[in-house]
Amino acid sequence: MTLSLVAAFALMQTTTPAPQKDILVLGKRTAAALSTCIERKCPTEDDVRLSIAHAESQFAEGKYADARTTLQQSILRNRDAASRLPRHVAALYEAYSNVSLHYGDMDDYRRAAANQARILRANLPNDAADVQLLELLLGDTWLKLGNLLQADRNYQSAERGFRKRGLHKLEALTALRRAGLSVAQGQAAEAQGMVRKVNNGPAGDDPAVRTLSAVITARIGILRGDDAAVDQLLATLRTDAAAPPMLLDEPGGLARVNPLTGC
């Protein structure tokens, strides 16, 4: 699981699932490293990195409550550094929001996502990539909370911002998120119009955009009862061996697409 989109540097990731024994060993190592860091009052940068790494290992062991506690305690230790290290502190809140989501505490999930956005907006310039992505990420948050109307509002705002800045790929991926929302609400014609506009737009030939567009098109076909929709999608994706796997029947699946890569 990726705990932080904004601060990927803070994660310890593997390309394949680690055996349970390795996960337990990693957990012990990250616990010891974090404990030593806290005892010697290490810099915020190290505290955040080790806290997120240890929370990730706890999460991998299924210890969701412990992972939340690890992140809560790090937030308490480091939140006063937000003006100096906004990305680090925001990464803690993002990690905490994601763990809370899997733990099932939707109120904490929403509050942590809001705090992440507040810190980045207050302490970074408007043209920073982190800030430019906020409306999109907030849309994803509302989508996971089941508030499709608010999600669409954030996506529309993000889409306008990306268009204004000439970030056509992000504009297209955001528009396809909105098309996915329309499918989820049974609005096939509206969704098809959004997909058509993206396909004819300046980012229509981007591989990530083409892939997501094909997925949304298949979901529109399924909504309309087109039995050949999935076969058509598979035929499209076979031309791109690197295309990421996506679920066709889950509206929230769109929120798992990395807004920078489309994967």
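Numbers at a glance
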| item | result |
| --- | --- |
| Filter pass, Leu247 being under 20 Å from Leu148 (Cβ atoms), open to solvent by 80 Å² or more (accessible area, probe 1.4 Å) and either modelled with pLDDT of 95 or more or not in a helix (DSSP H, G or I) (or both) | yes |
| Subset of region 138-196 [surrounded by fewer than 16 Cβ atoms within 10 Å (Cβ to Cβ), polar (S, T, N, Q) and outside any helix (DSSP H, G or I)] | Asn147, Gln185 |
| Failed item in (1) touching a residue at least 40 places away in the same chain (Cβ under 8 Å); (2) over 11 Å from Ile119 (Cα atoms), with Ala91 passing the rest | (2) |
| Counted residues, region 32-53 - those being within 20 Å of the chain's Cα centre (by Cα) and not hydrophobic (A, V, I, L, M, F, W, C) | 2 |
| Every residue from region 62-81 that is within 16 Å of Asn98 (Cβ to Cβ) and surrounded by fewer than 20 Cβ atoms within 10 Å (Cβ to Cβ) | Gly62, Lys63, Tyr64, Ala65, Asp66, Thr69, Gln72, Ile75 |
| Out of Ala208, Ala128, sole residue that is out of contact with any Ser or Thr (no Cβ under 7 Å at 6 or more places or on another chain) and either open to solvent by less than 50 Å² (accessible area, probe 1.4 Å) or on the phi > 0 side of the Ramachandran plot (or both) | Ala128 |
| Region 188-211, subset within 16 Å of Arg178 (Cβ to Cβ) and of a type in the set (Val, Ile, Thr), residue modelled with the lowest pLDDT | Val209 |
| Residue tally, condition more than 16 Å from Leu76 (Cβ to Cβ), crowded, with 22+ Cβ neighbours inside 10 Å and in contact with a Pro (Cβ under 7 Å, 6 or more places away or on another chain), over region 86-125 | 1 |
| Those residues of region 96-119 which are of a type in the set (A, V, I, L, M) and more than 23 Å from Ala60 (Cα to Cα), in sequence order | Ala114, Ala117, Ile119 |
| Residue in region 212-234 that is among the hydroxyl-bearing types (Ser, Thr, Tyr) and open to solvent by 10 Å² or more (accessible area, probe 1.4 Å) present | yes |
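The values are calculated or read from the model by the stated rules, or taken from the named source; none is laboratory data. Treat the numbers as computed from the prediction; the structure is a model and nothing was measured. Every residue, glycine as well, gets a Cβ built from its backbone with ideal geometry; the counts of neighbours run over all protein chains shown. These accessible areas exclude ligands, DNA and RNA; they are computed on the full protein's heavy atoms, side chains included. Shrake-Rupley method; radii C 1.70, N 1.55, O 1.52, S 1.80 Å.
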